[in-house]
Every structure is written in structure tokens, then in C-alpha cells.
Amino acid sequence: MAGLLLPVPLISRLFVPINPWKVDVAEAVAKIQVPMLFVHGDSDTLALPDQARRNVAAAGDRGQIEWFQGCNHSEARWVYPARYEGLLDKFCDQIERD
């Protein structure tokens, strides 16, 4: 499935003047000043778990991470839909209160 996305960075260069291979997500996350929720599968082969740890560390006290066991990229919402939706509801409620 990931193979279908291979041309996306090349095609996107036609519309966005950013080299996708040089983007440092953690550097960008460090500049964001709002609460962030990272939802990540511990078996993700597209955005590796170590990258997720680096990103949440860059967020500091504004970031929190929830791990979904056995999930690859974006699978949590299908494998654990009740937990996933509950997590998002709780995060949104928390932001609303703050």
C-alpha cells in the first residue's frame, strides 16, 4: 500500500516549493505553541516509533503520545476505534477546558 504513495513527494514539488526529504518534523513541532496529541502505532513502518518519540520530545510539555500496540501507520482508528475516538474526545475536551 505504501508503494502507491511513492510518487506523492515528487508530484507535490510541482505545487509546494518544499523538499519533502529535508523536512525536520521535530524542528517544526518545537515551534508549535498549542497542545499536541501524537497517536502512533508501535509497529509503524512509515513513521518509525523512534521518530514519534523525537517529535513528542520536541513538543515538550505541550505534547502527549498514545501508543497503539501492533498498529502500523494510521491503523489505530480501525483496529481500536473505541479507544481511538475516546482518546480524541478526551483530548478535545481537555483543550476546550484550558
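The values are calculated or read from the model by the stated rules, or taken from the named source; none is laboratory data. Since this is a predicted model, take the numbers as computed values, not measurements. No Cβ is skipped: glycine too gets one built from the backbone with ideal geometry, and neighbour counts run over all protein chains shown. Heavy atoms of the whole protein, side chains included, go into the accessibility calculation; ligands, DNA and RNA do not. Shrake-Rupley method; radii C 1.70, N 1.55, O 1.52, S 1.80 Å.
What are the pairs with Cβ atoms under 7 angstrom where one residue, in the range 71-91, is at pLDDT below 95 and the other, located anywhere, is open to solvent by less than 70 Å² (accessible area, probe 1.4 Å) and not in a helix (DSSP H, G or I)? Sequence gap at least six, or different chains.
73/41; 73/44; 73/47
A quick yes/no check of all residues on (1) more than 21 Å from residue 86 (Cα to Cα); (2) in contact (Cβ under 8 Å) with a residue 60 or more places away in the chain; (3) of a type outside the set (Asp, Glu):
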residue: 22; (1), (2), (3): yes, no, yes
residue: 25; (1), (2), (3): yes, no, yes
residue: 31; (1), (2), (3): yes, no, yes
residue: 36; (1), (2), (3): no, no, yes
residue: 39; (1), (2), (3): no, no, yes
residue: 42; (1), (2), (3): no, no, no
residue: 56; (1), (2), (3): no, no, yes
residue: 60; (1), (2), (3): yes, no, yes
residue: 63; (1), (2), (3): no, no, yes
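Residue 72 is checked against (1) over 19 Å from residue 95 (Cβ atoms); (2) within 10 Å of the chain's Cα centre (by Cα); (3) open to solvent by less than 60 Å² (accessible area, probe 1.4 Å) and fails just one. What number does that condition carry?
Condition (2) is where residue 72 drops out.
For the range 69-98, enumerate the residues that are more than 22 Å from residue 49 (Cβ to Cβ) and among the hydrophobic types (A, V, I, L, M, F, W, C).
82, 92, 95
Which members of the range 48-65 meet the condition of being part of a helix (DSSP H, G or I) and open to solvent by 70 Å² or more (accessible area, probe 1.4 Å)?
Within the range 48-65, the subset part of a helix (DSSP H, G or I) is 49-62.
The answer is 50, 51, 53, 54, 57, 61.
Select from the range 3-47 the residues that are among the hydrophobic types (A, V, I, L, M, F, W, C), modelled with pLDDT of 95 or more and under 20 Å from residue 77 (Cβ atoms) and list them in ascending order.
If the condition is that a residue be among the hydrophobic types (A, V, I, L, M, F, W, C), modelled with pLDDT of 95 or more and under 20 Å from residue 77 (Cβ atoms), then 36, 37, 38, 39 are the ones that fit.
Every residue in the range 75-93 that is open to solvent by 70 Å² or more (accessible area, probe 1.4 Å) and either outside any loop (DSSP other than H, G, I, E, B) or on the phi > 0 side of the Ramachandran plot (or both), please.
Within the range 75-93, 77, 78, 79, 82, 83, 85, 89, 90, 92, 93 meet the criteria.
Output the residues belonging to the range 1-47 that are β-branched (Val, Ile, Thr), open to solvent by 50 Å² or more (accessible area, probe 1.4 Å) and in a helix (DSSP H, G or I).
Once the filter is applied, which keeps residues that are β-branched (Val, Ile, Thr), open to solvent by 50 Å² or more (accessible area, probe 1.4 Å) and in a helix (DSSP H, G or I), the range 1-47 yields 8, 11, 25.
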